[in-house]
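Beneath this line is the structure, given in structure tokens, with notes to follow.
The values are calculated or read from the model by the stated rules, or taken from the named source; none is laboratory data. In this text, all values refer to a predicted model and were calculated from it rather than measured experimentally. Positions of Cβ are backbone-derived with ideal geometry, glycine not excepted, and every protein chain shown enters the neighbour counts.
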Amino acid sequence: MLRATLADGSHMYVSEAPGYIITSADYGSTWTKITSIPQTTSGAGYWSNIACNPTGQHVAAYYQSIITDGADPRLYVSSDYGSTWALSWNPAVASSNVRIMYLGPSGQRMSLSAYKGGIYTSSDYGHSWSLTSAPSPMYYSSMSSSSDGRVIAAIDNRAFTTVTIGGGGIWASSDSGSTWANLA
């Protein structure tokens, strides 16, 4: 499983199974394995999600364990192009995982969606997280946010499948996730 995030084109991050992140700072000409990011104690897992701000300076990476059936998820953040990493608060419950992440232009504001677990936001570079009042459980498949984190939009992909089990559509908040409206 590969997940890549392209920032301004010069910095790239790719996670490769079974659990390494590689990075390039020269438009993909050369690649380096990131060794500064901690691994879980199980040692068997993969990076299921990775995102960065447009410059690539701020990065968030989500690790999912295979051995514990996802019960050991970890979210790490970096503010120096992946040179050093800090374990962030784990926003997802053990039975869910982070589906999508979005980092604003400065990297200070972040949003993420936990599978069937709601939308969380951070305004301090991913060090602490708050659950928004977004409808849950949903299956958010895409998300974006304004640079100040005030406006958040998310797509619940159940609206675009042939079998809908309720909900779905495009959800938006104009107050940093305090209230939400279904737009479609």
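Quick check on S79: is it at pLDDT 85 or above and touching a His at 6+ places or on another chain (Cβ under 6 Å)?
Working: at pLDDT 85 or above: yes; touching a His at 6+ places or on another chain (Cβ under 6 Å): yes.
Yes, satisfied.
For A51, work out the one condition from (1) under 17 Å from G117 (Cα atoms); (2) at pLDDT 65 or above it doesn't fulfil.
(1)
Could you look through the range 95-115, keep only residues that are modelled with pLDDT of 80 or more and hydroxyl-bearing (S, T, Y), and pick out the one that is surrounded by the fewest Cβ atoms within 10 Å (Cβ to Cβ)?
Result: S106.
What number of residues in the range 118-149 are buried (at least 17 other Cβ atoms within 10 Å of the Cβ), under 22 Å from R74 (Cα atoms) and under 13 Å from the mean Cα position of the chain (by Cα)?
Matching residues across the range 118-149 total 10.
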